[in-house]
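Visitor: Shown below is the structure under consideration.
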Amino acid sequence: MRFDTIVIGGGLSGLVSAIECARAGQKTAVVSAGQSALHFWSGSFELLGNIDGRPVIDNPLGRLGELSEDHPYRKIGEEKLRELLGKVPGIISDAGLKCTGSLDRNHLRLTPLGFLKPAWLTLGDYVSFAADQPLPWKKVALVNIYSYLDFYPRFLEYGLKKRGVECTISNVNIPQLDTLRKSTTEMRATNMSRILTDSAVDALAAEVDKAAKGADAVIMPAILGIYSDAPVERLRNRVSVPVWFVPTTPASVPGVRCQLSLRDLFIRLGGEFLPGDTVKGGYFEKNRLRRIHTVNLGEMPLEADNFIISTGSFFGHGLIADMERIYEPVFGLDLNVTGGRTEWYRKDFYASQPYMSYGVVTDSCFRPSRKGETVENLYATGALLAGFNALKEGSGAGITLATALHAASSLT
Ligand SMILES: Cc1cc2nc3c(=O)[nH]c(=O)nc-3n(C[C@H](O)[C@H](O)[C@H](O)COP(=O)(O)OP(=O)(O)OC[C@H]3O[C@@H](n4cnc5c(N)ncnc54)[C@H](O)[C@@H]3O)c2cc1C
C-alpha cells in the first residue's frame, strides 16, 4: 500500500498532523498501536504553565527566551508558534469539541486533587477560572456517585475552601448504575458514561438537583459524554444550577472522547486509520525512509513519500529503557541520552528528572537522525522529542500540537 504520508502513532500528536495532511488532500495513513496519553487526559491542554517552579499566567509565548536553546518551542519561534497553535481551536471544534482559552493568558483549571494549575485550553464543561480573580461561587455542591472511588470530594473541598468557597458533599445513586456495582472494578467513569444516556441521565439529574439545594453550582466527576455532548447538555438542562465537571483518574471520559473525535475527523477527511498495529521497522535508502513494516501486515510493506513518527515517550513506548540503555525501538533514532543508568534519574523524587527530557534529537525542521545522518523524509513530533520536561513546565499538549502542526506544514 502506498501513501503520500504515513503517521506512526495515533495519540494527540499523530492524529493532529494526520488531520492536517489529509485536509491538504494528501493520501494519509495512521498506524496506531494502542492507548495514548489522551486516555489519561485532564480535559485541559497545557502550553507553558511553569518556569523554574513559578507559575506562568500572562503571555506564555513571550517567555520562550527563558527555555533552553534546544527546546522545541525555541526551534519554532514565537511568531510561527502563534500561527500554528492558533489553528488548534478550529481543529478541536471541527472534531466536535468545545474549548475555552487564549494563547495570550493562561487560565487556571481545577485538578482532581483540588489544586489550581495554569492551562491554555480547557473543555467547555470543565471547571476553570480566570487567574487573579475571585471564584464565581460562594457555595458549591460536590456531588459524587454512590460507591464511585475515583473522585475525591474532600480534596476538592480543601482546595475550594482555601479560596473562600463553602462546599457540601453528597453521594447520589440511580438504579441504572447498580449493574456496575456487581464488581468494584466495573465502577469506572468510562463504564458509567456508556450507561448514562437518555432516561438514565434524567434520573441522575433529578438526584443531582436534590443535592444541589442552596448551592450556586454543582461540581461532579466527569462521567458523562464519552461519545457526544448530548448527555452533558441533557443533565445540565435538568439541574437548576450550573453543573461543572472535574476529570477523574483513568480512563478519562474527556480523553477517550477527544481521541475518538480526532480519529473520526481524520477518517471523515479521507484518512486511513490502522488501529491495533505496531510499526516494527523500516527500510532506508540514501537517508530516506522508503517503507515500513508492521506486526499485522507482516511482509506487506507500507510505502510513502514522507513519514511522521509520533510514538510518544516512555509512556507510549516511543522510548524504551532497559538496565543498560535507552533507545528508540522503531528505527534506532539518535537520542539526547547521556551517561549510564545512575545519571538518568535523581534520588529526590520531586526534582526535575533527567529522563523526562530524553527523546529524539532533530534538526530545526524536526527531522531526526540515525547515526548522525538526518533522515530527509521523516519528521518526529510530540512527546517523543528531546529537550523539554512536560511535567515540570506544564507544556505537554502545546509542544505536542505545535510540533505536529509544524511537521504537517512542512509537508503540505
Ligand atoms: C499519563 C499522561 C497524562 C497526560 N495528561 C496531559 C494533560 O492532561 N494535558 C496536557 O497538556 N498534557 C498531558 N500530558 C502530556 C502528553 O505527553 C501530551 O499532552 C500528548 O498527549 C502526547 O501525545 P503524543 O501523541 O506525542 O504521545 P502519546 O499520547 O504517548 O501517543 C503515542 C501513540 O503512539 C503509539 N505507538 C507507540 N509505538 C508505536 C509503534 N511502534 N507503532 C504504532 N504506534 C505506536 C502508542 O500506542 C500511542 O497511541 C500527559 C502525559 C501523560 C504521560
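Visitor: Could you grab the pairs with beta carbons closer than 7 Å, sequence gap of 6+ or different chains, first residue in the stretch 395-407 and closer than 16 Å to Leu38 by Cα, second one near the ligand (Cβ under 8 Å from one of its atoms) and among the charged types (D, E, K, R)?
Guide: That search, which allows pairs on different chains as well, returns Ser395/Glu46; Gly396/Glu46; Ala397/Glu46; Gly398/Glu46.
Visitor: Moving on to the next point. Consider Arg257 carefully, then state whether it is of a type in the set (Lys, Arg) and open to solvent by less than 40 Å² (accessible area, probe 1.4 Å).
Guide: Values: of a type in the set (Lys, Arg): yes; open to solvent by less than 40 Å² (accessible area, probe 1.4 Å): yes.
Against the criterion (of a type in the set (Lys, Arg) and open to solvent by less than 40 Å² (accessible area, probe 1.4 Å)), Arg257 qualifies.
Residues checked against (1) modelled with pLDDT of 95 or more; (2) part of a helix (DSSP H, G or I):
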residue: Leu142; (1), (2): yes, no
residue: Asp150; (1), (2): no, no
residue: Leu156; (1), (2): yes, yes
residue: Gly164; (1), (2): no, no
residue: Thr179; (1), (2): no, yes
residue: Thr185; (1), (2): no, yes
residue: Asp202; (1), (2): yes, yes
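Visitor: Right, next: Would you tally the residues in the stretch 166-177 being assigned to a helix (DSSP H, G or I) and out of contact with any helix residue (DSSP H, G or I) (no Cβ under 7 Å at 6 or more places or on another chain)?
Guide: 1
Visitor: Restricting attention to the stretch 18-34, and to residues there that are within 6 Å of the ligand (Cβ to nearest atom) and under 19 Å from Ala397 (Cα atoms), which single residue is modelled with the highest pLDDT?
Guide: Applying the first criterion (within 6 Å of the ligand (Cβ to nearest atom)) to the stretch 18-34 yields 31-34.
Those left that are additionally under 19 Å from Ala397 (Cα atoms): 32, 34.
Working: Ser32: 97, Gly34: 89.
Once the filter is applied, the top-ranked residue is Ser32.
Visitor: What number of residues in the stretch 115-129 are at pLDDT below 95, in contact with a Pro (Cβ under 9 Å, 6 or more places away or on another chain) and in a loop (DSSP other than H, G, I, E, B)?
Guide: 1
Visitor: Among the residues of the stretch 26-78, count how many are of a type outside the set (Asp, Glu) and assigned to a strand (DSSP E or B).
Guide: Narrowing the stretch 26-78 to residues of a type outside the set (Asp, Glu): 26-45, 47-51, 53-57, 59-65, 67-68, 71-77.
If we keep only those that are assigned to a strand (DSSP E or B) too, we end up with 28-32, 44-45, 50-51, 54-55.
Count: 11.
Visitor: Another one. Please specify each residue of the stretch 279-322 satisfying the condition of being more than 26 Å from Asn389 (Cα to Cα), assigned to a loop (DSSP other than H, G, I, E, B) and within 9 Å of the ligand (Cβ to nearest atom).
Guide: Answer for the stretch 279-322, where residues must be more than 26 Å from Asn389 (Cα to Cα), assigned to a loop (DSSP other than H, G, I, E, B) and within 9 Å of the ligand (Cβ to nearest atom): just Val295.
The values are calculated or read from the model by the stated rules, or taken from the named source; none is laboratory data. This structure is a prediction, so every number in the text was calculated from the model and none was measured. Cβ: placed from backbone, ideal geometry, glycine included. Neighbour counts: every protein chain shown. For accessibility, only protein heavy atoms count, side chains too; no ligands or nucleic acids. Shrake-Rupley method; radii C 1.70, N 1.55, O 1.52, S 1.80 Å.
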